Amino acid sequence: MKILLDFLPIAIFFGAYKFYDIYVATAVLMVATLAQTAAMYAIDRRVATMQKITLSLILVFGALTLWLHDERFIKWKPTVLYLAIAIGLTVALWVFKKSFLKLMLGAQLELPDRVWMRLNLVWILYCLAMAALNGYVAAFFSTEAWVEFKLWGYVFPLAFIVGQGFYIAPHLKSEPPAAGS
């Protein structure tokens, strides 16, 4: 259910763009992301920090896109988001000597510190690469090409997450079988 919620706003954005234009699609994305956040809150009774950041950026860049009637703002939103994540992870790692990923996910995953640090570095590199890729497509391709990239570009985070799963799987501790099983 949560995975469907993650992809729903971009799918609705894509559909609105195909039937109307980037401005209608931007307004639809803003509403869909608000609804997504409300649904996530209804399910978990909390909203993750990343969702709050994403929602804020979509609302700010979406409003600028609509108000100034300039599609560049919504096209550059993913670049800003990826750069913000990379900067946040870098500051946590090099200034505070902490893995922000461990702080966020440590209660759900028990991994050795060296694995958390490697994951942190990989996330920094991934976010920088995605920021550069989105920035390049936003700057040098048409809006239609950028929208197609946004839809089909979801293969990158999916591949990244699957790759992470393969990396951390050997480091996970297996649960002992339940008594009486």
Residues (part of a helix (DSSP H, G or I), over 17 Å from Leu64 (Cα atoms) and out of contact with any Leu (no Cβ under 8 Å at 6 or more places or on another chain)) located in the range 17-41: Tyr17, Lys18, Phe19, Ala35, Ala38, Tyr41
Among residues of the range 72-93, those that are under 15 Å from the mean Cα position of the chain (by Cα), within 18 Å of Phe13 (Cα to Cα) and among the aromatic types (Phe, Trp, Tyr), counted: 1
Run Lys52 past the list (1) within 20 Å of Ala131 (Cα to Cα); (2) touching a residue at least 40 places away in the same chain (Cβ under 8 Å); (3) exposed (fewer than 13 other Cβ atoms within 10 Å of the Cβ) and report the number of the one that doesn't hold. (2)
Looking at this structure, is Lys173 surrounded by 14 or more Cβ atoms within 10 Å (Cβ to Cβ) and at pLDDT below 90? no
Lys97 passes all but one of (1) of a type outside the set (Gly, Ala, Ser); (2) crowded, with 18+ Cβ neighbours inside 10 Å; (3) at positive phi; which number fails? (2)
For the range 121-155, how many residues meet the condition of being at pLDDT below 90 and surrounded by 14 or more Cβ atoms within 10 Å (Cβ to Cβ)? 4
Kindly list, by first and then second residue, each pair from a residue in the range 3-16 that is assigned to a helix (DSSP H, G or I) to a residue that is modelled with pLDDT of 90 or more and among the acidic types (Asp, Glu), limited to pairs with Cβ atoms under 9 Å and residues at least 6 apart or on different chains. Phe14/Glu148
Among Leu64, Leu29, Leu8, which is surrounded by 15 or more Cβ atoms within 10 Å (Cβ to Cβ), of a type in the set (A, V, I, L, M, F, W, C) and within 14 Å of the chain's Cα centre (by Cα)? Leu8
Only residues in the range 108-121 that are touching a residue at least 40 places away in the same chain (Cβ under 8 Å) count as the first member; pair them with residues that are polar (S, T, N, Q) and surrounded by fewer than 18 Cβ atoms within 10 Å (Cβ to Cβ), Cβ under 8 angstrom, at least 6 apart or cross-chain, and list the lot. Leu119/Gln164
I'd like to know if the range 65-80 contains one or more residues that are assigned by TED's automatic domain parsing to the domain that holds Val155, among the polar types (S, T, N, Q) and not in a helix (DSSP H, G or I). no
Does Ile124 count as outside the structural domain of Pro157 (by TED's automatic domain parsing) and not polar (S, T, N, Q)? no
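The values are calculated or read from the model by the stated rules, or taken from the named source; none is laboratory data. Quick caveat, the model's predicted, so the values are computed rather than measured. Please note: Cβ atoms are built from the backbone with ideal geometry, for glycine as well, and neighbour counts cover all protein chains shown.
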